Structures are given as structure tokens and as C-alpha cells.
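Student: First the structure, which I've put down as C-alpha cells, then a few questions once you've had a look.
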Amino acid sequence: MTVNIYADRSPRKRPKLPVKLATRTLNADRDAVAAAARVLGEGGLVAFPTETVYGLGADATDGEAVARLYAAKGRPRFNPLIAHVADMTAARELARFNADAKALARAFWPGPLTLVLPQARGCPVAELATAGLDSIAVRVPDHPVAQSILKVFGRPIVAPSANRSGHVSPTTAAHVQADLSGRIDLILDGGPTSVGVESTIVACLGVPTLLRPGGVSRAAIERALGRPLADAEPSGEAPLAPGMLASHYAPKTPLRLNAISVNPGEALLAFGPDAPKGAAKTLNLSASGDLVEAAANLFSHLRALDAGGFTAIAVMPIPYESLGDAINDRLARAAAPRP
Ligand code: TXA
Ligand code: MG
């Protein structure tokens, strides 16, 4: 099956594209790195090697590019992504570092460690990439190709592992080709990756907590911290503070899904050209009915309506196709009653 994730890409950003993308694979030399930066700047998708696994990169500051990335992976949900940057100076523009985070960055960056941190004020990363959370996952990779792309591009790059959703993470360019050829613009071949498993993820939002084991061992992290890590799974003895690891963004205002009309006092999260009149405030995910644009607007529109103090947010039906599945998944969780 071929999915045209570029169908509604604005012509200003990119000329007309074929339904199926011609995925180029280039040896990761200097020209290829320049090409990668160009493609990313046009909102395209580039797979590149890191020391852990190959990542599928998009401009972290471009919500529509991020939406296309989810579509290319076929992810059924908007999991938050890791923002990759070249160095600590760039990382500080995205996130706030407490003493633990500084110690870990000093010990392991560049390298296979991802830190989940509070977002810095004015963090330029698209809300879709952080799935609407106030935290952000940041990593400084150690691979020379990843480093060159980040330096030449000059903006943060979000990159999940470069595989179709549900498949194993790729450690060679051939794995990426097998999974994503025809769905992305460019693959940079830098040979097999050296670490071969994903980065270790540690949250420094309070008690430092291991969210995912990976390329840096728990023992090495605990040595650098000078104390033990908590586990994301409460281990009976020391349950985590509630809300500390809030895994997804949830608005305070009740959501009413599949609304085709609005009640008095309600705000409206609209989709498509036929929004009903009469809402206290209306924001349209995409007036033209473009699911890529809708995904890019989802979290920022939800937040804006949530801040208005309305009795409820009526949400128009979103079609269950391409990115619509992930949008509906998010809306269903946001609408679910919470404890
Ligand atoms: O080695 C790696 O980390 C590779 C390379 C390409 O850098 N990337 C990677 O990304 O494994 P991905 O998307 O496959 O895994 C990212 C993980 C997800 O499990 C996601 O839920 C978690 O990071 N994550 C991202 N932001 C988060 C946040 N704010 N809070 C908690 N978890 C977060
Ligand atoms: Mg993955």
C-alpha cells in the first residue's frame, strides 16, 4: 500500500511530489550531509545513523514535518519523540537542567543517553513532537554523521528509530530501506551502528528515574549520580509520586467527541469546512480537512481551548484514516474520565 503523506504539503514549502516517494540512499559523505540538511529544511524525512540505531529525522520545529514522520512510521499513536541536538548549548535552548541532569550530561554526552527534562521557556520544538507534554526528551548523539547533520542543519531534529511501527529498530541502512523505502525522502548510509540498542532514557523531573534501559548501563548512571535510580514501574517499596511521570497530556476541560453541533458555553475543536456556528470559541484543526495539518495543530489547539474555562470542548468527528487514527487515539484518551 502506498500512502501519500505529502498530498497536502503546501506548495510554498515543496513542489509537487509523486504519491510514492523516491527514496534515495546516499553514502554519508559531506555532500550527503548537505543534502540531508536541505531535505530537512523543506519539511522532508531523512534516515541517518546514530551510535545506537538508525533514526528517522524531521525538523523538530516544523509540526507538519513531525506529522508526516508519524505517518511514515505508521505509528498508531503520537508517542513523544526524542529531540536530538549537537551539544549542551543547543540542549539548553530546549530544556532545563537540574544538578542530576547536568551530572549525567557531563558524564555521558555525546552518547547513548536520553534525558527527559522540563521544557525551557520558549522551547521551539513543535507540540506534536512532545505530544503536548511539559517535558521533553533530549539527546546529544555521538555518531559523526548524526553530529554533522545536526551542526549543518542548526536546528533540533526529532528522530524515532527508523522502522515501521511494531518492527525492530534498524542498525543498518539496508534495514531502513526494507522498512521505509518509498515512504521517506532520503537515507544516509553510515555503515552498521556500534551500540545496536536504543539509548537509555532517564527522567530528571524529580527523583531521577529509569524510563528505558539502553546503551548506558544502570550501574554507570548510578555511579555518575552518586545514588540509585528509581524505576518507572513502581516497585512496591518506593511508589513514584503521582503525576511525576504523566505519560500523556490531558486537558482539564471535559471533551465531547464526535460533536456535530455545539451546546451553549462550549468551545469547538473543529475539523473541515463545515464547522457548526454558535461556539463560545472555535479553533479548526484544518479547515481544508488535511490530516497532516490537523495533527500538527492538535495539541496546541487543545491547550488553547482548555485555557479558556469553557464548560466543555466539543470535538468534531475525525475520519479514521492515515493520521486520523492517531488523532482519534489521543482525543479518546483526553476525553476519558480520570481519577
Ligand atoms: O537510541 C535512541 O534513542 C533512538 C535514536 C534514533 O536516537 N531513538 C529512539 O526513539 O529510540 P523512539 O521514538 O523509538 O523512542 C523514544 C522513547 C519513547 O518510548 C517515548 O515514549 C520516550 O522516548 N519519550 C519521549 N519523550 C518523552 C517524555 N517527555 N516523557 C517520557 N518519555 C518520553
Ligand atoms: Mg523505536
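Student: Considering only residues of region 139-180 that are over 18 Å from the mean Cα position of the chain (by Cα), polar (S, T, N, Q) and crowded, with 18+ Cβ neighbours inside 10 Å, which is nearest to ligand 2 (Cβ to nearest atom)?
Tutor: Once the filter is applied, the top-ranked residue is THR171.
Student: For ARG183, state whether it is surrounded by 18 or more Cβ atoms within 10 Å (Cβ to Cβ), under 22 Å from GLY55 (Cβ atoms) and basic (Lys, Arg).
Tutor: Yes.
Student: Could you list, in sequence order, the residues of region 160-176 that are over 18 Å from GLY191 (Cα atoms) and within 9 Å of ligand 1 (Cβ to nearest atom)?
Tutor: Within region 160-176, the subset over 18 Å from GLY191 (Cα atoms) is 160, 164-167.
The one that is over 18 Å from GLY191 (Cα atoms) and within 9 Å of ligand 1 (Cβ to nearest atom): PRO160.
Student: Within region 168-186, which residues are in contact with a Phe, Trp or Tyr (Cβ under 8 Å, 6 or more places away or on another chain) and farther than 25 Å from ALA105 by Cα?
Tutor: PRO170, THR172, ALA173, HIS175, VAL176
Student: Read through the list (1) surrounded by 24 or more Cβ atoms within 10 Å (Cβ to Cβ); (2) in a strand (DSSP E or B); (3) more than 15 Å from ligand 2 (Cβ to nearest atom), then give the number of the only condition that THR114 fails.
Tutor: Result: THR114 fails condition (3) only.
Student: Kindly check whether there is at least one residue in region 193-204 that is free of Cβ contacts under 8 Å to residues at least 24 places away in the same chain and acidic (Asp, Glu).
Tutor: no
Student: Let me ask something additional. Between a first residue in region 158-171 that is assigned by TED's automatic domain parsing to the domain that holds ALA37 and a second residue that is more than 10 Å from ligand 2 (Cβ to nearest atom) and of a type in the set (S, T, N, Q), which pairs have beta carbons less than 7 Å apart while being 6 or more apart in sequence or on different chains?
Tutor: Partner pairs satisfying both residue conditions: THR171/THR193.
Student: Now a separate question. Give the residue that is nearest to PRO144 (Cα to Cα), with candidates limited to residues of region 87-103 that are touching a Phe, Trp or Tyr at 6+ places or on another chain (Cβ under 9 Å) and surrounded by fewer than 23 Cβ atoms within 10 Å (Cβ to Cβ).
Tutor: Top of the filtered list is ASP87.
Student: For a quick check of your reading: which helices (runs of 4 or more DSSP H) sit entirely within region 15-111 and have at least 1 residues that are within 15 Å of ligand 2 (Cβ to nearest atom) and of a type in the set (S, T, N, Q)?
Tutor: Numbers: elements: 30-41, 63-73, 88-92, 99-108.
Filter on region 15-111 gives an empty set.
The values are calculated or read from the model by the stated rules, or taken from the named source; none is laboratory data. Owing to the predicted nature of the structure, the values given are computational and were not obtained by experimental measurement. Here the Cβ is made from the backbone with ideal geometry for all residues, glycine too, and neighbour counts use every protein chain on show.
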